[in-house]
Amino acid sequence: MTDTQHTKVLIIGSGPAGYTAAIYAARAGLEPIQILGREPGGQLTITTDVENYPGFADPIEGPWLMEQMQAQAKNVGTKTIHDFITDVDFAARPMKATAESGAIYTADTIIISTGAKARWLGLESEYKFQGLGVSACATCDGFFYRNKPVAVIGGGNSAVEEALFLANMTSKVTLIHRRDSLRAEKIMQERLFAHEKIEVIWDHVVEDVVGITREDAAKDGGIPGMTGLLLKNVKTGEGSDLAVEGMFVAIGHDPATEIFKGKMEMDSEGYILVKPNTTQTSIPGVFAAGDVTDKIYRQAITAAGMGCMAALEADKYLGAS
Ligand code: NDP
């Protein structure tokens, strides 16, 4: 027999937005059910030190922060479930969500906090040096590269914004782009070109990240970390080296909205649209919080703030309906 559970608030996803929504919904007596997804904790579980989440004087670890948020959500009464939602029916009332396990959840309101994933170049070495120089978030990790040379990959607004941010603290920023023009807004480009600490390398791609991996260090000694990049000129095929201690990949993000496509309003990149200054989506009773709707700030603290908003709005919606 299919396992069906009803809840006033179904929270899909478990990053800072989802957990904060759960904490607020539970404390409002709404007895939320939270479906954690395939990677509970989300993007913060692949970061190391977190220094910009308020409330902690010393650096904390991303995975630990997410464990704490989950424990807090549970302690105040959230039912957390390890499962993955594969389909939703917003037209039914109560709404319906089907999980990978076969379980069905019916819900009066739904908070979508499924997050987004940074796109990576797809190099094996890029993966090996994550947390050792390779990052997808300058705001999160830039501080660790004070007075060191770094590279930023990409040519969109994110890449330019990250390069400008990093130029404030690093010794030099090299922006590497695969074409000979940027897609970033003109005003951002002007700021980038005017910055004395930023150099742009056009028509190049990264072929490899080099340095001492954790395995190398365990075997041969030395301090793990990246030392440079192997580049290739896409027009001439010529290879070159670039000595940098950090590589910030800023080639876009993909919001995790596959199962909601065609069922609610989204922008052309798949981010869920919400009414200004709210988390209300185009479907009454469905709210979206965190990176699944935000492509500008993408911070744990802003996602948490939106999770709080979503729970308060869900409570208000339930009170009015
Ligand atoms: P974009 O999709 O705009 O840009 C991605 C960049 O990465 C492009 O220059 C693209 O190159 C390059 N790229 C993609 N794949 C690869 C690859 N495999 N190897 C090398 N380079 C690659 O993503 P953004 O994250 O910059 O921005 C996403 C959205 O968010 C945009 O709408 C943007 O305007 C918005 N945004 C707005 C901000 C603001 O208003 N302050 C800040 C940040 C983002 P190519 O150009 O050749 O396709």
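Nearest 0.05, what FRET efficiency do Glu207 and Glu31 give at R0 = 56 Å with Cβ-Cβ as r? Kindly include the intermediate steps, with their values, before the conclusion.
Details: r = 53 Å, r/R0 = 0.94.
Efficiency, rounded to the nearest 0.05: 0.60.
Normalise the Debye intensity by I(0) for the chain, one equal point scatterer per Cα, no solvent, then take log10 at q = 0.09, 0.16 Å⁻¹ and round to two decimals.
So the normalised log intensities are -0.52, -1.23.
Counting other beta carbons within 10 Å of each residue's own, what order do Leu132, Leu242 fall into, fewest first? Intermediate values should be presented prior to the final figure.
Numbers: Leu132 20, Leu242 17.
Ordered by Cβ neighbours within 10 Å, fewest first: Leu242, Leu132.
Find which of Gly228, Thr279, Leu121 sits farthest along the positive direction of the dipole of the chain, computed with +1 on the beta-carbon of Lys and Arg, -1 on that of Asp and Glu, about the Cα centre.
About the Cα centre, the residue reaching furthest to the positive side is Thr279.
Would you mind getting me the FRET efficiency between Phe84 and Asn147? Use the beta-carbon distance for r and R0 = 41 Å, nearest 0.05.
Values: r = 43 Å, r/R0 = 1.06.
So, using R0 = 41 Å, E works out to roughly 0.40.
Give me Glu161, Glu100, Glu215 ranked fewest to most by other Cβ atoms within 10 Å of their Cβ, as a rough exposure proxy.
On the way: Glu161 20, Glu100 13, Glu215 10.
Fewest to most other Cβ atoms nearby, the residues stand as Glu215, Glu100, Glu161.
Say R0 is 22 Å: what FRET efficiency, to the nearest 0.05, do Thr98 and Leu273 get from their beta-carbon distance? Numbers along the way, then the final one.
Working: r = 24 Å, r/R0 = 1.09.
With R0 = 22 Å, the Cβ-Cβ based efficiency is 0.40.
Between Lys197 and Lys235, what is the label-point separation in nm under the 7 Å Cα-to-beta-carbon projection?
Result: 2.9 nm between the two label points.
What are the aspartates and glutamates whose alpha-carbon lies under 13 Å from the alpha-carbon of Lys316, with same-chain residues fewer than 8 places away excluded?
Here the aspartates and glutamates satisfying the reach criterion relative to Lys316 are Asp108.
Counting each DSSP H run of 4 or more residues in the chain as -39500 (n - 2.57), what helix-only mean residue ellipticity at 222 nm follows after dividing by all residues, to the nearest 500 deg cm²/dmol?
Numbers: 8 runs with 83 residues, N = 321.
Calculated mean residue ellipticity at 222 nm is -7500 deg cm²/dmol.
What helices in the chain pass both tests, a Cα length along the helix axis of 24 Å or more and a mean Kyte hydropathy of 0.5 or higher, using whole DSSP H runs? It would help to have the intermediate numbers written out before the result.
Values: long enough: 300-320 (30 Å, 0.80).
Span-like helices, by this rule, are 300-320.
Restrict the search to segment 11-61; then list the chymotrypsin sites (Phe, Trp or Tyr not before Pro) that DSSP places in a loop and that have at most 16 other Cβ atoms within 10 Å of their Cβ.
On the way: sites: Tyr19, Tyr24, Phe56; in loops: Phe56.
Here the sparse-neighbourhood loop sites are Phe56.
Compute the distance in nm between two label points, each set 7 Å from the Cα along the Cα-to-Cβ direction, one at His6 and one at Glu190.
Placing both labels 7 Å along Cα→Cβ, they lie 6.0 nm apart.
If each of Ser282 and Phe56 carries a label point 7 Å out from its Cα toward its Cβ, how far apart are those two points in nm?
For Ser282 paired with Phe56, the spin-label model returns 3.8 nm.
No lab work stands behind these numbers, since they all come straight from the coordinates. In this text, all values refer to a predicted model and were calculated from it rather than measured experimentally. Ideal geometry is used to build each Cβ from the backbone, glycine not excepted, and the neighbour counts take in all protein chains shown.
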